[in-house]
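Notes follow once the structure below has been shown.
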Amino acid sequence: MLTSAPPVAPSTADEDEWLWGWDPTPGIVSVWAEPDGTAMIWRREPSTNALLRESARFKPWLLLDQLEDLAHLGQRLVRAHATQQPAPMQVTYRELDGPGALRFLVSAEHANTLSTAVLTGATRRLGHRVGHLRELGPEAVLVLPPEEQYLVSTGRTYFRDLTFDQLVRLQFDLETTGLDAERERMFMVAVRLPSGATQVLEAANESDAAEAQLIKQLVDTIHSADPDVIENHNLHGFDLPFLDTRARKLGVSLSLGRIHFNGLKQRAARRGAPSATDAKRRVRFVAPGRELIDTLDAVRRYDFSTRELPGHGLKAVARHLGLAGPNRELIRGDQIYETYKRDPDRVRRYATADVDEVAGLARMLGGAAFALARMAPRRYERLADAGAATGVIDPLLVRAYLRAGMALPAHADGDGTTHSGAALHLFATGVAQRVVKADVASLYPSLMRAFRIGPARDHLGALLALVDRLVETRLAAKANARAAPVGSAERYTHEAMSAAMKLVVNSAYGYLAAGGGLTRFADVHAANDVTRRGRETLDFMCRELATRGVTLLEADTDGVYFTVPESWTEINERRVVTEVAALLPPLVQLEFEGRYAAMLSHQPKNYALLGYDGILVLRGVAFRSSRAEPYGETFLRAAIACALRNDVVGVRAAYLNTVQALQARALPTLAVSSRVRLTKSPSRYLETRHVRREFAYEAMLASGRTSWRVGERVRVYRTKHRGGVVTEFDDEAVVSEQTDARDYDVPYYIRLLRTSFAERLVTAFTPSDFATVFADTQQLPLFVSALDDIRTVLSSPMQAKIASR
DNA sequence: TCATACCGGGG
DNA sequence: GTGTACGGTATGA
């Protein structure tokens, strides 16, 4: 059980245990525990990869804020003694040290003994029936799922001494006649076996019996492959709920786990499918003995820090990450079944590509959750979809406190103090040459460490200790990754560890700042202390840089863009960053992040950067919008690239060329079309059409499209009097040149070019020069020479406009 | 027009 | 018995 360690001055060894647990049992790949105190553990022997199944006993436990509710047990309530074997119906307790509210650690042989005893006492005390422990509130009781009780009390974690590639993983992907499991059915399942071989299971016909047979085949395939992990993209949002519904309707037993249950188990989850019994609740399915991993979760977590993915769909992500083959079969979702009837091989290739890409994706992005599962006392599949703050840090803290024999604070509401945010300064707008970006890596956790800012109620100092250890572990993992051969499992493991550490470290501040009593140790004062020091640090950096002769452009939270004098070389640029870095506290590391040939500073968080390699990067909503017409974006990129090189003639040429291309109708209709989503059904639109006409629907009707799906994305464009539609295939618009009428409204699109797109260069010139550069096309001859004198400008008219978030 | 509610994904 | 993203878009006052 939970052995006691000295509650003060934790040693390095204690902190290791807080981070990693303490039981060395290797190779755990799944855990299933029951309220009766039995736990089933599946392990892979790291040296042989053989699967072992072990059963164990544990004592279910929970934490209470008082013992009053258990007084009615009389003799059955006993103080815990390490040596004494408790009797079956006994409840043992131990009072923990420290000031925390949740201070009584209570346990029994069966969880039901515990909960019944507490509920009986609470019912008597409160004078009304208390039917469930959660009714007592988190300030009065802490009870974890059985697996987590087991992992916390034993100090075990998943995957010790195992690499990701030692996991036995299977991927499957359903192909169905539609999205609604109530009305549609499955007709195909692509399976990728742990060996990497793929197979396609198919229903023989459209009958119930054939679909039932397909489900049985899938279940058999999974059982004979016996994977530790089952993966798919949106597994919990689509495949499992669909499968569950179909199996119920068809009366087929859906037993996907290693313990036979009739059907899948469920757990509450924020991101899951609506529960069949209560539509307000969301659930995820559980198959005991296996871990059900949704690559969509890994994608979200990845994109959360990188923000580079075009979308989170499997095809888009696989393409972006280089996992998609060159001849990847693509079929629009609503055409899959139709295609299957005509050309089944095409759908087989499509579905097989899906499972292959999922396997690649899971390996590429799943390592972070794998690494977390080696630390935190939760199931792998829980850590794969958990938020870092409550999902990872809180379980680590709970385990640390119990290990130290310390009482845990209960969740507490804030005192009404509002949370203050980061600093954002726009110092100058327009075009700057020789731009440098300097930033502080992981500013907030660094400030927490440097100034020892932790939650006031964390008397054990566990959060700061964890952040310290996580940062150290991350640095070691990064070094190990660099030392390992490229592409090796070892390198991959270290990189995944580093990514996982970064995730948790960066959420430590979020944990502190979480409002509404969401996290156990939330502390708005500490969080404000962090952001205040963050603002001070940013302001200090800006001042110190400015006194060293640079011109500040924009500063946001933890980084600053500035431009340097013409005479400076990269050596000077780096020196000024190093000098300022030396003035900051040791753990707050200002880094030279990059240098650019030029920058167009438009609005806060909206700018363009031209690299010395000639690559132009646009940031911010002003420059990137999914609705923007492609011709405008093309123009904007060309014009900005010229402006950043001070090629004013080029800017003018880009403008004129676009105008002329429009006038000559040289641009395909696709180039002037805008992406919209149809959210009203045809009948719903027709109801309101006489009151208010909406362009997108009018364009559909004008193109003879009288039926569409709600949610369908189309590209629409304007003609002289009405509108037209270019249909879209997935994310890539496909239009046939022969059918392209190019009947778009030329004056409208010329106007749009000027008022919407050219406008985004307004800060690059003085007002009169701007008017000249984008003057009416007829006046061209007048202005050719006038352009020679025009230079881009950088201005700071507003006295360093300061905004606060 | 501005605030707020909702979505992201899957066939 | 969950977990508080965030930026874009849809909808309603």
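The values are calculated or read from the model by the stated rules, or taken from the named source; none is laboratory data. Nothing here was measured: the structure is a model prediction, and the numbers come from that model. In this analysis, Cβ positions are derived from the backbone assuming ideal geometry, glycine residues included, and neighbour counts consider all displayed protein chains. Just the protein is used for accessible areas: all its heavy atoms, side chains included, with ligands, DNA and RNA removed. Shrake-Rupley method; radii C 1.70, N 1.55, O 1.52, S 1.80 Å.
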Within the range A:540-562, restricting attention to residues that are closer than 22 Å to A:Ser795 by Cβ and assigned to a helix (DSSP H, G or I), which residue is farthest from the chain's Cα centre (by Cα)? A:Thr547
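Within the bounds of the range A:369-379, is there any residue that is within 14 Å of DNA strand B (Cβ to nearest atom), in contact (Cβ under 8 Å) with a residue 60 or more places away in the chain, farther than 20 Å from A:Ser153 by Cβ and of a type in the set (A, V, I, L, M, F, W, C)? Break it down stepwise before answering.
Start the filter on the range A:369-379 by keeping residues that are within 14 Å of DNA strand B (Cβ to nearest atom), which leaves none.
No, there is no match, as no residue in the range A:369-379 is within 14 Å of DNA strand B (Cβ to nearest atom), in contact (Cβ under 8 Å) with a residue 60 or more places away in the chain, farther than 20 Å from A:Ser153 by Cβ and of a type in the set (A, V, I, L, M, F, W, C).
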Report, by residue number, each residue of the range A:410-431 that is buried (at least 23 other Cβ atoms within 10 Å of the Cβ) and either in contact with a Gly (Cβ under 9 Å, 6 or more places away or on another chain) or in a strand (DSSP E or B) (or both). A:Leu426, A:Thr429, A:Val431
Can you name the residue in the range A:319-360 that is buried (at least 17 other Cβ atoms within 10 Å of the Cβ) and within 9 Å of DNA strand B (Cβ to nearest atom) and is also farthest from A:Leu235 (Cα to Cα) among such residues? A:Tyr340
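Please go through the range A:592-617 and pick out each residue that is within 16 Å of DNA strand C (Cβ to nearest atom) and touching a strand residue (DSSP E or B) at 6+ places or on another chain (Cβ under 6 Å).
Filtering the range A:592-617 for residues within 16 Å of DNA strand C (Cβ to nearest atom) gives A:602-608, A:617.
Those that are within 16 Å of DNA strand C (Cβ to nearest atom) and touching a strand residue (DSSP E or B) at 6+ places or on another chain (Cβ under 6 Å): A:Pro604, A:Tyr607, A:Ala608, A:Val617.
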Filtering the range A:618-632 down to residues that are under 12 Å from A:Leu752 (Cβ atoms) and modelled with pLDDT of 80 or more, which residue is nearest to DNA strand C (Cβ to nearest atom)? A:Glu629
Those residues of the range A:597-617 which are at pLDDT 85 or above, farther than 20 Å from A:Val773 by Cα and within 30 Å of the chain's Cα centre (by Cα), in sequence order: A:Tyr607, A:Leu609, A:Leu610, A:Gly611, A:Ile615, A:Leu616
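Go through A:Phe285, A:Phe242 for me and flag whichever is within 16 Å of DNA strand C (Cβ to nearest atom) and more than 20 Å from the chain's Cα centre (by Cα).
A:Phe285
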Under 7 Å between Cβ atoms, which residue pairs at least 6 apart in sequence (or on different chains) link something in the range A:458-479 that is within 18 Å of A:Val524 (Cα to Cα) with a partner that is of a type in the set (Phe, Trp, Tyr) and surrounded by 19 or more Cβ atoms within 10 Å (Cβ to Cβ)? A:Asp458/A:Phe521; A:Ala462/A:Trp18; A:Ala462/A:Tyr401; A:Leu463/A:Phe521
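Show me the strands (runs of 3 or more DSSP E) found entirely inside the range A:58-115 where at least 3 residues are under 45 Å from the mean Cα position of the chain (by Cα). So that I can check it myself, show each step before the final result.
Numbers: elements: A:61-64, A:77-79, A:91-95, A:104-108.
Counting at least 3 such residues, we get A:61-64, A:91-95, A:104-108.
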Subset tally (residues that are buried (at least 16 other Cβ atoms within 10 Å of the Cβ), over 27 Å from A:Gly311 (Cβ atoms) and among the charged types (D, E, K, R)) for the range A:648-678: 1
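Residues are listed down the side, and each one gets a yes or a no for (1) at pLDDT 95 or above; (2) of a type in the set (D, E, K, R):
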position: A:Val29; (1), (2): yes, no
position: A:Ala39; (1), (2): yes, no
position: A:Ala50; (1), (2): yes, no
position: A:Glu54; (1), (2): yes, yes
position: A:Asp69; (1), (2): no, yes
position: A:Gly74; (1), (2): no, no
position: A:Ala82; (1), (2): no, no
position: A:Pro86; (1), (2): no, no
position: A:Pro99; (1), (2): no, no
Open to solvent by 60 Å² or more (accessible area, probe 1.4 Å) and at pLDDT 75 or above: is that true of A:Thr706 in this structure? yes
For A:Asn234, the lone unmet condition from (1) within 16 Å of DNA strand C (Cβ to nearest atom); (2) open to solvent by less than 20 Å² (accessible area, probe 1.4 Å); (3) in contact with a helix residue (DSSP H, G or I) (Cβ under 6 Å, 6 or more places away or on another chain) is (2)
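Can you confirm whether the range A:149-156 contains a residue that is under 19 Å from A:Ala39 (Cα atoms) and of a type in the set (Lys, Arg)?
First pass over the range A:149-156, keeping only residues under 19 Å from A:Ala39 (Cα atoms): A:149-156.
Filter once more, so that each one left must be of a type in the set (Lys, Arg): A:156.
Yes, because at least one residue in the range A:149-156 is under 19 Å from A:Ala39 (Cα atoms) and of a type in the set (Lys, Arg).
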Could you look through the range A:261-312, keep only residues that are touching a strand residue (DSSP E or B) at 6+ places or on another chain (Cβ under 6 Å) and assigned to a loop (DSSP other than H, G, I, E, B), and pick out the one that is surrounded by the fewest Cβ atoms within 10 Å (Cβ to Cβ)? A:Ser275
Picking from A:Leu144, A:Leu179, the residue that is at pLDDT below 95, more than 16 Å from DNA strand C (Cβ to nearest atom) and outside any strand (DSSP E or B) would be A:Leu179
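Results for (1) out of contact with any Lys or Arg (no Cβ under 9 Å at 6 or more places or on another chain); (2) within 16 Å of DNA strand B (Cβ to nearest atom), shown as yes or no for each residue.
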{"site": "A:Leu151", "(1), (2)": "no, no"}
{"site": "A:Thr177", "(1), (2)": "no, yes"}
{"site": "A:Asp180", "(1), (2)": "yes, yes"}
{"site": "A:Met186", "(1), (2)": "no, yes"}
{"site": "A:Ala203", "(1), (2)": "no, yes"}
{"site": "A:Asp208", "(1), (2)": "no, no"}
{"site": "A:Asn234", "(1), (2)": "yes, yes"}
{"site": "A:Arg248", "(1), (2)": "yes, no"}
How many residues are in contact with an Asp or Glu (Cβ under 8 Å, 6 or more places away or on another chain), away from DNA strand B (no atom under 16 Å from the Cβ) and open to solvent by 20 Å² or more (accessible area, probe 1.4 Å) when one looks only at the range A:383-407? 1
What's the number of the only condition in (1) at pLDDT 95 or above; (2) touching a Pro at 6+ places or on another chain (Cβ under 7 Å); (3) within 23 Å of A:Asn262 (Cα to Cα) that A:Pro194 fails to meet? (3)
